[in-house]
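Visitor: Pasting in a structure now, in structure tokens, and then I'll have a few things to ask.
Values quoted throughout were computed directly from the atomic coordinates according to the rules given, and no laboratory measurement underlies them. These numbers were taken from a predicted model, which means no experiment stands behind them. Note that we place each Cβ from the backbone using ideal geometry, even for glycine, and neighbour counts take in every protein chain shown.
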Amino acid sequence: MVLVENNQLQVTDSWHSINEETPQITDKSIVSLAYWLENKAELTNHKGKLGLSVMGDDELSQFSNELNSFDLVCINFPTFTDGRGYSLATSIRAAGYKNGLRAVGDILPDQVFYLSRVGFNSFELANTELAEFAITKLKEFSVVSQPASDDRAAIN
Amino acid sequence: MYQYNEFDQTQIDERVAQFREQTDRFLAGALTEEQFRPLRLMNGLYFQTHAPMLRVNIPYGLLSSKQLRMLAHISRKYDKDYAHFTTRQNIQYNWPELAQVPDILADLATVQMHAIQSSGNCIRNITSDPLAGIQADEVEDPRPYCEIIRQWSTLHPEFSYLPRKFKFAVSGSPKDRAATEVHDIGIHMVRNSAGELGFEVLVGGGLGRTPMIGQVINSFVDEKDILSYVEAILRVYNRFGRRDNKYKARIKILVKATGLAAFKEQVETEWHTIKNGPLKLSQERIDRVKNLFIKQPYLVEKEPCLNSLPLEQALETNEQFKAWFKQNTLAHKQANYRIVYLSLKSPNRPPGDITDQQMDTVADLADELNAGEIRTTHDQNLIFADIHQNDLYYLWQKLQEIDLATANIGTLTDMICCPGLDFCSLANASSIDISQNITQRFKDSTTELGDIRLKMSGCMNGCGHHSIGEIGILGVDKKGEQWYQFTLGGSDSEASKLGQRLGPAIAKENVTKTVEDILDIYTENKQNSETFAETCHRIGIDSFKERVYGSR
């Protein structure tokens, strides 16, 4: 996986996920929603930066109160046609969350323009070629015709 | 006509470039068919039985003569000299080459036309009343609001990967001429007791394999809040609509499973968080869009044009003209004007089809007599909305020359029909040949039989709206053979109603005979000036069953 963040290719990803193989919490750890719900007290006291990994159909109300304690929220797309994450991202931004929002899973370069409009600022692509291509796709449209999380002015 | 601006032009030009690049990548093998599929569908491109099918949007059914000439040009240059109008006011090409589709889109863009979201699991073309703005019964012209919804929905970043397709229809009249009750969202313009303009919003209607009538989710949404209200509905649907089974993925299934009251609560909870945000419409914005619909000045007095006759004289002297006037024209809210239907249901062509030459001539006539405007209807016909009565005789002659003056609007042979098995890869049975057999059998008696809505689909996806036909015919496959399921008593006017199943499916060779039996029962039982629907409602479906199945 290759990361595009804030319109640029990121050679290395400084975040790492907590799972069975790497259970050790570091200063930039991503935890699953289930893990976080189970270890909330302990994780809230942890000094390092914390990322939360959710699915498009997870309920925002499960973590909306603590949204701003995260430095990164990752939304997983099980298939590129599953649009639930677009609405979850919109709701997360509407709730006032300002930190990193990352699209992970099955993502096409053709989708990064819309993803960026609903509030994502980073994307995981399958390889460097696709990641570089995705960057060109971020500027695919110079005009938009509805308000979204990116605050671009709708012209009409 | 609505006047598109530079902004619209930039947007569709950029969309053409995007689709060209996607098509190139697919043809070069850099996108798989699975990846390309939703991308091409969002641009109206299906892979059909013989060739791709390209569906081009006609927002709320409004076309300029310049646009229609371009549609004719495209049919000549890239297709087989004809095109097909759909039940959602759009137009389809059945024979384009995939590699040429980007060029077709580039040509369309020169007249501000496109195929954006004409298919796919996204918000489709916004349809409306084909008689908007010209009928006295109207609360308000719905088209500026259709345009506002069109702009909001175009390339919507959040709602382009919905569980399933999503269709809007907007009507400004208490008479529903846009089948709003069988749309995912149906919108009726209303005034409250204080005289303020707003919208009654219906949700969860739809045809297809589980036909349902939409339910009122809110009886009055202020005109300034309509975008936030529909956005809230879409957000709830996008989050909770089923994605595990495409046959259960439409919003109607979600509304039914959740229950209307609980669904409304979800929607309105979301709505209240966004209601006063950037989606709120300002009066200035509404007025600006309204002003872009340039209205034609009406003339009280007008001399008949060359080769025409004053209306009264023409009616007295020409019986054929009189029959056409009676069947294919309607009263206009403006005195001395008539609304004229151009029938695309001639016995010589499949329903809804139009040739390049017909399109060119219609465009010329529109320029000459109708301020360059053409409307499409969900019954697959065309309308000239503003014809001075003294031009009617001339127009009728011209329409006769191009076979668009069949006097059958609203009658049996003005049937709705999908392309069926001949073109569509979803279809189970043919529909065009069936429609042609019925037309041949009844073309001479169609006006005598009066208003009858026959609607036919080649499969249960229901593009031909069979479920709401007064006579509905659905093509089904039985062990590799084509059979036809009849329903009676459906309706799409005022209150929509689903038809009742007549009985077991009918073999292909007996379809026309069955229509005959049904109509015999009608004529035998008809009282005074009862229409087919009225008689059918009064005597019930059993009287028809006996005749149709008793004889077999």
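Visitor: On a 0 to 90° scale, report how tilted helix A:84-94 is relative to the longest principal axis of chain A, with both axes built from alpha carbons and the result rounded to the nearest 10.
Guide: 80
Visitor: If each residue of separation counts as 0.36 nm, what is the full-extension length gain between B:Tyr247 and B:Asp542 once their alpha-carbon separation is subtracted? Write out the running numbers ahead of the final one.
Guide: Details: separation 295, 0.36 × 295 = 106.20 nm, distance 3.13 nm.
In short, 103.1 nm is gained.
Visitor: Would you be so kind as to identify which of B:Leu306, B:Thr447, B:Leu202 lies farthest towards the positive end of the dipole of the protein assembly as shown, taking Lys and Arg as +1 and Asp and Glu as -1 on Cβ and the Cα centre as origin?
Guide: Ranked along the dipole, the leading option is B:Leu202.
Visitor: Any chance you could list the semi-axes, whole Å, largest first, of the equivalent ellipsoid that the Cα gyration tensor gives for chain A, using √(5λ)? Each step should come with its number before you reach the end.
Guide: Values: eigenvalues 139, 69, 34 Å².
Each semi-axis is √(5λ); the values are 26, 19, 13 Å.
Visitor: In whole angstrom, how long is each semi-axis of the equivalent ellipsoid of segment B:416-478, when you take the square root of 5 times every eigenvalue of its Cα gyration tensor and sort them from largest down?
Guide: Working: eigenvalues 94, 33, 12 Å².
In descending order, the three semi-axes are 22, 13, 8 Å.
Visitor: If each residue's Cβ is checked for other Cβ atoms within 10 Å, how do A:Val11, B:Val340 rank with the fewest at the top? Could you put the intermediate results ahead of the total?
Guide: Working: A:Val11 8, B:Val340 27.
If I rank by nearby Cβ atoms, fewest first, I get A:Val11, B:Val340.
Visitor: Between B:Arg209 and B:Leu330, what is the label-point separation in nm under the 7 Å Cα-to-beta-carbon projection?
Guide: Going from the B:Leu330 label point to the B:Arg209 one covers 3.5 nm.
Visitor: Could you give the nm distance between label points at B:Arg191 and B:Glu481, where each point is 7 Å from its Cα heading toward the beta carbon?
Guide: Output for this residue pair reads 5.9 nm.
Visitor: Further question: If you keep only loop residues by DSSP, which GluC sites (Glu not before Pro) in segment B:205-267 have at most 16 other Cβ atoms within 10 Å of their Cβ? Please report the intermediate quantities before stating the final value.
Guide: Values: sites: B:Glu223, B:Glu231, B:Glu265; in loops: none.
Here no GluC sites (Glu not before Pro) fit, given the DSSP loop and packing criteria.
Visitor: Still on this model: Using 0.36 nm per residue, how much length does the chain from B:Tyr549 to B:Glu301 gain when fully extended, once their Cα-Cα distance is taken away? Could the numbers behind the result be given before it?
Guide: Values: separation 248, 0.36 × 248 = 89.28 nm, distance 5.76 nm.
Here the answer is 83.5 nm.
Visitor: Using Stokes-Einstein with the Kirkwood hydrodynamic radius over Cα pairs, what translational diffusion coefficient do you get for segment B:311-401 at 20 °C and a viscosity of 1.002 mPa s, in µm²/s rounded to a whole number? Walk me through the numbers on the way to the answer.
Guide: Values: Rh = 13.5 Å.
The Stokes-Einstein estimate is 159 µm²/s.
Visitor: Using C-alpha positions alone, give me the convex hull volume of the protein assembly as shown per residue in cubic angstrom. Let's see the in-between values first.
Guide: Values: hull volume 120.9 nm³, N = 708.
Taking the convex hull of the Cα positions in the protein assembly as shown, it is 171 Å³ per residue.
Visitor: If each of B:Ala323 and A:Arg152 carries a label point 7 Å out from its Cα toward its Cβ, how far apart are those two points in nm?
Guide: 5.7
Visitor: Shifting gears a bit: Starting from the amide H of B:Leu502, placed 1.01 Å from N in the peptide plane, find each other amide H under 5 Å away whose residue is 5 or more places distant or on another chain.
Guide: Residues meeting the amide H criterion: B:Phe486, B:Thr487, B:Leu488.
Visitor: Shielding of A:86-98 by partners, i.e. mean partner chain Cβ atoms within 10 Å per residue?
Guide: On the way: counts 10, 12, 4, 2, 8, 5, 0, 0, 5, 1, 0, 0, 0.
If you average over the peptide's residues, the count of other-chain Cβ atoms is 4.
Visitor: What residues qualify as long-range amide H neighbours of B:Asp353, i.e. H under 5 Å apart, gap of 5 or more or another chain, H built at 1.01 Å from N?
Guide: For B:Asp353, whose amide H was placed from the backbone, the distant partners under 5 Å are B:Phe85.
Visitor: List the trypsin sites (Lys or Arg not before Pro) within segment B:197-300 that DSSP assigns to loop and that have no more than 11 neighbouring Cβ atoms inside 10 Å. Could the numbers behind the result be given before it?
Guide: Working: sites: B:Arg209, B:Lys224, B:Arg235, B:Arg239, B:Arg242, B:Arg243, B:Lys246, B:Lys248, B:Arg250, B:Lys252, B:Lys256, B:Lys264, B:Lys275, B:Lys280, B:Arg285, B:Arg288, B:Lys290, B:Lys295; in loops: B:Arg209, B:Arg242, B:Arg243, B:Arg250, B:Lys275, B:Lys280, B:Lys295.
Filter output for segment B:197-300: empty list.
Visitor: Please give the FRET efficiency for B:Arg20 paired with A:Glu5, using the beta carbon to beta carbon distance and R0 = 25 Å, rounded to the nearest 0.05. Don't skip to the answer; put the middle values down first.
Guide: Numbers: r = 29 Å, r/R0 = 1.14.
Calculated value: 0.30.
Visitor: Follow-up. With runs of 4+ DSSP H residues as the only contributors, calculate the mean residue ellipticity of chain B at 222 nm using -39,500 (n - 2.57) per run, divided by the residue total and rounded to the nearest 500.
Guide: Details: 18 runs with 202 residues, N = 552.
Dividing the helical sum by the residues of chain B leaves -11000 deg cm²/dmol.
Visitor: For segment B:127-288, compute the orientation-averaged projected area of the C-alpha convex hull (one quarter of its surface), in nm².
Guide: Values: hull surface 38.2 nm².
With every direction weighted equally, the projected area is 9.6 nm².
Visitor: Now, a different point. If N is the number of residues in segment B:6-109, what value comes out of its Cα radius of gyration divided by 2.2 N^0.38 Å?
Guide: Details: Rg = 13.6 Å, N = 104, 2.2 N^0.38 = 12.8 Å.
Relative to the 2.2 N^0.38 Å estimate, segment B:6-109 comes out at 1.06.
Visitor: At R0 = 22 Å, how high is the FRET efficiency between B:Thr273 and A:Asn99 if r is their beta carbon distance? Nearest 0.05 is fine. Provide the component values of the computation, followed by the final result.
Guide: Details: r = 21 Å, r/R0 = 0.93.
The pair B:Thr273/A:Asn99 has a calculated efficiency of 0.60.
Visitor: Where in segment A:8-108 are there trypsin sites (Lys or Arg not before Pro) that are in a DSSP coil and have at most 14 other Cβ atoms within 10 angstrom of their Cβ? Intermediate results must be reported in sequence, preceding the final value.
Guide: On the way: sites: A:Lys28, A:Lys40, A:Lys47, A:Lys49, A:Arg84, A:Arg93, A:Lys98, A:Arg102; in loops: A:Lys47, A:Lys98.
Qualifying residues, ordered by number: A:Lys47, A:Lys98.
Visitor: Estimate the FRET efficiency between B:Leu27 and A:Asn127 by the formula 1/(1 + (r/R0)^6), using the beta-carbon distance for r and 25 Å for R0, to the nearest 0.05. Don't jump to the answer; show the numbers that get you there.
Guide: Numbers: r = 21 Å, r/R0 = 0.84.
Approximately 0.75, to the nearest 0.05.
Visitor: Let me ask something else about it. Give me B:His84, B:His50 sorted ascending by neighbouring Cβ count inside 10 Å, so fewest comes first.
Guide: Details: B:His84 24, B:His50 10.
Least to most surrounded, the residues fall as B:His50, B:His84.
Visitor: Quick check: Cα centre of segment B:428-480 to Cα centre of segment B:153-224, how many Å?
Guide: 27
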